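Read through the structure below, which is laid out as structure tokens, and then see the notes.
The values are calculated or read from the model by the stated rules, or taken from the named source; none is laboratory data. What you see is a predicted model, and the numbers here were worked out from it, not measured in a lab. Cβ placement follows ideal geometry from the backbone for every residue including glycine, while neighbour counts extend to all protein chains displayed.
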Amino acid sequence: MNKFNFKTISMFAALAVTGALVIASSIDKTQAAEEITEGQKAEIKKMIEDYLMENPQVIMKSVEEYQKLQEKGMEAAASAKVVEHQDFLVSKDAPSAGNPDGDVTVVEFFDYNCGYCKRALSDIQELIGQDPGVRFVFHELPVLGPSSALAAQWALAAHKQGKYFEYHAALMTHNGNKDEAELTGIGTQLGLDTEKLKQDANSPEIQAMLQKGIEVSRDLGIQGTPGFVIGDRIVRGYIGPEGLKGAIAEEREKAQ
């Protein structure tokens with residue numbers, strides 16, 4: 001009983017009883033007047049109530065089936081949104097790693113201050129090393145404060161110099177502040193033109209890219225990080241390397 005509250009279960013019980021009474025009362029009025037009396041209706045109601053009391057699993061099954069239908073509807077709506085934003089999600093111009101022509105693309109929405117996103121980095125690196133057919137696409141979703149947004153800007157600026165994933169990995173493993181001095185230092189370590197990096201990070205183009213990612217994530221219902229899109233499926237939250245491998249395998253099976 002802990003999965004469903006009493007109000008929900010009571011609602012389904014009431015619907016079951018009401019439905020049976022509607023069926024009984026929907027019989028031709030002439031026949032009903034001759035064949036089903038008010039007393040008989042009361043007996044039918046009592047029989048249904050007794051049955052539900054003796055077999056509560058019937059109500060639970062009804063609730064579970066109803067929830068499954070709701071979940072299927074939500075999944076279908078989410079899949080439609082993925083298709084709508086497909087060009088943006090898997091764009092060849094988006095930051096990516098792995099096989100650019102891979103048979104499966106995994107899209108990640110993330111934040112540089114997100115602990116689970118940091119854990120996901122090692123999972124992604126492992127999969128890139130193990131699976132030559134997968135492509136990862138990265139979309140910044142800075143939801144954890146100003147330093148997240150600043151780091152995202154600089155990472156996208158590094159993308160313009162062809163060093164996105166290196167900068168991305170360095171940021172994910174960086175434990176210090178994510179201020180301009182630290183972000184410049186990471187750029188220096190990677191051999192980037194730091195003046196251009198700073199200029200690009202503050203450009204309207206980068207701001208527009210960030211805003212677009214935020215808008216798409218909201219439309220997909222991804223409000224926290226990490227969030228993944230694999231095929232037409234949205235996966236919210238950290239699922240570990242095995243979860244990613246399983247989702248990739250499912251996508252390949254669907255394509256066969």
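The rows are residues; the columns are (1) of a type outside the set (A, V, I, L, M, F, W, C); (2) surrounded by 15 or more Cβ atoms within 10 Å (Cβ to Cβ); (3) outside the structural domain of S148 (by TED's automatic domain parsing).
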{"site": "L183", "(1), (2), (3)": "no, yes, no"}
{"site": "L192", "(1), (2), (3)": "no, yes, no"}
{"site": "L197", "(1), (2), (3)": "no, yes, no"}
{"site": "A201", "(1), (2), (3)": "no, yes, no"}
{"site": "R218", "(1), (2), (3)": "yes, no, no"}
{"site": "L244", "(1), (2), (3)": "no, yes, no"}
{"site": "A249", "(1), (2), (3)": "no, no, no"}
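Going by the conditions given, is A120 part of a strand (DSSP E or B), among the small types (G, A, S) and surrounded by 15 or more Cβ atoms within 10 Å (Cβ to Cβ)?
no
Each row is one residue, and each column tells you yes or no for (1) surrounded by fewer than 12 Cβ atoms within 10 Å (Cβ to Cβ); (2) more than 27 Å from the chain's Cα centre (by Cα); (3) modelled with pLDDT of 75 or more; (4) assigned to a helix (DSSP H, G or I).
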| position | (1), (2), (3), (4) |
| --- | --- |
| Q31 | yes, yes, no, yes |
| K41 | no, yes, yes, yes |
| I44 | no, yes, yes, yes |
| D50 | yes, yes, yes, yes |
| Q67 | no, no, no, yes |
| K72 | yes, no, no, yes |
| A97 | no, no, yes, no |
| G102 | no, no, yes, no |
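Using the structure shown, decide if A247 is aliphatic (A, V, I, L, M) and over 20 Å from V90 (Cα atoms).
no
Does S79 satisfy being hydroxyl-bearing (S, T, Y), part of a helix (DSSP H, G or I) and modelled with pLDDT of 95 or more? Write out each step before concluding.
Values: hydroxyl-bearing (S, T, Y): yes; part of a helix (DSSP H, G or I): yes; modelled with pLDDT of 95 or more: no.
For S79, the condition - hydroxyl-bearing (S, T, Y), part of a helix (DSSP H, G or I) and modelled with pLDDT of 95 or more - is not met.
With respect to S122, determine if the residue is over 20 Å from I214 (Cβ atoms) and not charged (D, E, K, R). Lay out the reasoning, then the answer.
Details: over 20 Å from I214 (Cβ atoms): yes; not charged (D, E, K, R): yes.
Yes, satisfied.
Restricting attention to segment 145-165, which residues are without any contact (Cβ under 8 Å) to a residue 60 or more places away in the chain and closer than 11 Å to M209 by Cβ?
A152, Q153, A157, K160
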